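A short write-up of the structure that comes next.
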Amino acid sequence: MSDPMNEIRASFFIECEELLEALQDGLLAIDGGDTDPETINICFRAVHSIKGGAGAFGLEELVRFAHRYETVMDAIRNGTLTPDRDAMLLFFKAADLLSDIVRASQSGEQLDAATIESTLQDLEALTGDEGEAEAEEEAAAAEFQPMTLSLDMELPSADDPLGSKYTIEFAPEPELFKSGNEPHHLLRAVSETGTAEVSCDFSRVPALDEIDPEGAYLAWTIKVETEASKAELTDLFDFVNGLCTLEISEETAETPEETGPVPDLAPPPAPEPEHAAPPSKPEASAKTTPPAAKPAGGQSGGPSANATVRVDLDRIDRLVNLVGELVINQAMLSQSVAAAGLDSNSQVTSGLEEFMQLTRDIQDSVMMIRAQPVKSLFQRMSRIVREASGAIGKRVTFVTDGEHTEVDKTVIERLADPLTHMIRNAVDHGLEDGPTRLAAGKTEEGTVTLSAAHKSGRVIIEISDDGGGINRPRVKQIAEDKGLIPPDQDLSDTEIDALLFLPGFSTAKEISDLSGRGVGMDVVRSSIQALGGRVTIASESGKGTTFSISLPLTLAVLDGMVIKVAAETLVVPLGTIVETVSLQEGDIQRLGPETNVIHIRDVFVPLVDLGAELGYRPAPTDYEGRVVLLIAQEDGSRAALLVDSIEEQRQVVIKGLQDTYGRVPGIAAATILGDGQIALIVDPVDLMANASGKTGSPSDDLQLAG
Amino acid sequence: MSEIDNTITDAAEQELLSFRVGEQEYSVDIMSVREIRGWTRATPLPHASPYVCGVINLRGTVLPIIDLAKRLSIDVAPASERNVIIVVQVNGQTLGLVVDAVSDILSVPLSELQAPPEISTDHASGFVKALTIIDGRMLRVLDLDSVHPPINTDAA
């Protein structure tokens, strides 16, 4: 059904993502002062491989850009250009554009050619003249690229300008084709020995009516730079000996520039330093130094060097599902073994315990599969910082920390938007402009730090800036002006900070391109809450602001409190429960005809009956001795959720209802309990938002009467 | 009528799974049946239509269950262990139908399927795609598309 070409194309784009990541890493390392020639080689190879693949798929835009980019990069590689800070910014910008073009090529959209062109020209201005005269070579590149489909062949790295240069004149005789030889293979074999530049001589092709269909009219000139000896090259043509005119001549080495931007036949392999060099190379040992030996700053080293397998996400999800079932099944089995009353020392019981251990290990490992380092996300954010700071003319240093922290893939995907927003806010609102900073005794260049870490079973992501901190009086003033809070209220600092999350709040005096459209932090907060996360703000005047996002490690399991309401078992996410309270007589206060509040430590909290809200039963008549869960609501206020009893606290596997049934108000998802029954997972915040709040008047009457 | 022609053009016979709901005999295209399983108590869904029994655990998947008798407004005793659940697939979605009993698998020539007479007053007639006669009894062919609750509308 699926077109194989499409599949190859798709895998090319996946590969592009990886290459772009490697490019980013390399640039970051160079920016951070890494002078290892291998680092620039990695960047060069990444761009080059993208170009190679793009040529094979006829993505001319991409080929052209990559080619010119790579040409400039080559100047760094051979030492004619030493990039300064501004040059590095240009390189980053070009890398961003390259990823834009890759994306545009994938989706078929059009990009603004002027931006691309101006960036390229800026870039080329760094090296002086090199830009122009490339068109021809480029054409040659495009022409020959289709031969280079074998992107993942274990070819020797083509970039090291080593060894001697040869010019091979290769003109097949008709007999060569008759004996079933294919010049293409020979050309490729030659190119595999080093860096090859192939040009084809069409001059002997006669007019169409004179063509002998079995004749041979083409000749090739291959300029190859290799450490292979002449004899080795001749050996390659052994099979066609006597079937062609072959002339191999050695050139004296010229300037390396000549071979730099050469369109290789064989693109270099993926940029892992590990398998690049053949053992014969004396330089090989230097190139394959363990990545750990390199400076830590964002090297592509350690993790990406591991062997990886690309797996369809659907398959992983299926596996996750199956393991979820296994866990449930195992729980059911344990229950029935317990019900059978077997001796706890019996073989069955001990076997079952081992089984439980195994299941848990499997579950953990499977969850690990879905986990990904936040690195790719952080890289996207570094781009946001560059763009945002460029747009408003602030100089910003972006620091990332803990980018190898692993988080569930879905979390990463859904975190991109809120994080983008927060980063822009930090650059736009958080940091002061240069003069203000200098006046405050800080460096002109502001710093935005993005860090990730695992903390007690959750992931903490922090965005901090060293700006002026939240201007609390102004925040309060704006909130009052917008009518979000009544005037002259006495608010604590935390409460004022929390105002930032109110819908319709935007502090920007003028609406800038970057942020301040009034759809700010409230959207950020709700999308993070949708992931089961929380956002908190810490701000110190004059020192800066830190936003902390705390997220669950995975969206597939949830810590929940299993409760009973009207004979139904339900699960309430543990994260939303602040405390549980057993009601005493007198805790309930009536408020209006059908609503009640409960009185806890001098605070009145609205009472909501879970059973009545879900329609499982009418509101109860007697509240004494019942259990309420205090739920933290979005605005920081609390509500009490009345349940019949609390059963236990456990991890549950989340099963979506969305796909099979649809959305149910007040219900987040479902799960399967140990006995095989389905229990619904309550979404307390949603439930509270839509609650009628009716907690039964008959009970009140009774209470009043009693 | 044209609808029937459309759905069954390339087979001379249609295989039907027949079952009982109350005293009435219904059937569904056997190709849409995934499995038949015993009754299990469903977890009720709040704010759902009365004919939605709730959801059950079908080997790790959450399967919505529909009480066909209620859906078709047929008076029967509440569902119990004696009922069975027919798991069907409609428009790529899996769904359980609670029925009283599964009776038979029948091969019915297409020519013997007739469109139901157009009496719009009867509520249940909207769920019947075709009629046929088996051993002198009327067999209704259920229109699964209309049985299936549209996603989200119930919830809203």
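Read-outs: derived from the displayed coordinates by stated rules, not from any lab. Everything numeric in this text was worked out from a predicted model, so none of it was measured. Note that each Cβ is placed from the backbone with ideal geometry, even for glycine, and that neighbours are counted across all protein chains shown.
Quick notes on this one:
- Set A:Lys178/A:Lys223; A:Lys93/A:Lys165; A:Lys51/A:Lys165 screened for pairs whose C-alpha atoms are more than 30 Å apart: A:Lys93/A:Lys165
- Theoretical gain in end-to-end length, A:Asp686 to A:Ser249 [0.36 nm per residue, Cα-Cα removed]: 149.5 nm
- Restraint check, A:Lys564/A:Lys655; A:Lys375/A:Lys655; A:Lys394/A:Lys482, Cα-Cα greater than 21 Å: A:Lys375/A:Lys655; A:Lys394/A:Lys482
- Counts of other chain beta carbons within 10 angstrom of each beta carbon in peptide A:654-665 average 6.
- Each Lys and Arg adds +1 at its Cβ and each Asp and Glu adds -1 at its Cβ; summed about the Cα centre, region B:65-121 shows a dipole of about 180 debye.
- Of the residues A:Glu21, A:Glu197, the one with the fewest other Cβ atoms within 10 Å heads the list, and the complete ranking is A:Glu21, A:Glu197.
- Distance between modelled label sites at A:Asp312 and B:Ala12, nm, 7 Å Cα→Cβ extension: 3.8
- Calculated FRET efficiency for the pair B:Ser73/B:Arg137, C-beta based, R₀ 22 Å, to 0.05: 0.60
- One Cα centroid belongs to region A:573-629, the other to region A:465-492; the line between them spans 33 Å.
- Rg in Å to one decimal, and Dmax rounded to a whole Å, for region A:1-100 via C-alpha atoms: 14.2, 51
- Gain upon complete extension [A:Arg663, A:Glu173; 0.36 nm per residue less C-alpha separation]: 169.2 nm
- Region B:40-91, relative contact order [Cα under 8 Å, separation at least 6], %: 24
- Those residues of region A:383-411 whose amide nitrogen sits under 17 Å from the label point placed on A:Ala538, 7 Å along Cα→Cβ: A:401-402
- Computed from the C-beta positions of A:Thr436 and A:Val578 and an R0 of 56 Å, the FRET efficiency is 0.85 to the nearest 0.05.
- Shielding by partners for peptide A:603-614, expressed as the average number of C-beta atoms from other protein chains within 10 Å of each residue's C-beta, is 1.
- Across region B:74-123, the mean sequence separation of Cα contacts (distance under 8 Å, 6 or more residues apart), normalised by length, yields a relative contact order of 25 percent.
- Site pair A:Ser637 and A:Thr82 shows an inter-label distance of 6.5 nm when each label is modelled 7 Å from Cα along Cα→Cβ.
- Applying 1/(1 + (r/R0)^6) with R0 = 51 Å to the Cβ-Cβ distance of A:Ala207 and A:Glu117 gives a FRET efficiency near 0.80.
- Put in order of Cβ neighbour count within 10 Å, fewest first, the listed residues A:Asp490, A:Asp343 become A:Asp490, A:Asp343.
- Here A:Leu81, A:Leu62 are placed in order of increasing Cβ neighbour count within 10 Å, fewest first, which gives A:Leu81, A:Leu62.
- Peptide A:674-682 shows a mean partner chain C-beta count of 4 within 10 Å per residue C-beta.
- With N as its number of residues, region A:529-586 has a Cα radius of gyration that, divided by 2.2 N^0.38 Å, comes to 1.68.
- Neighbourhood net charge (14 Å Cβ-Cβ; Lys/Arg +1, Asp/Glu -1) for A:Leu352: -2
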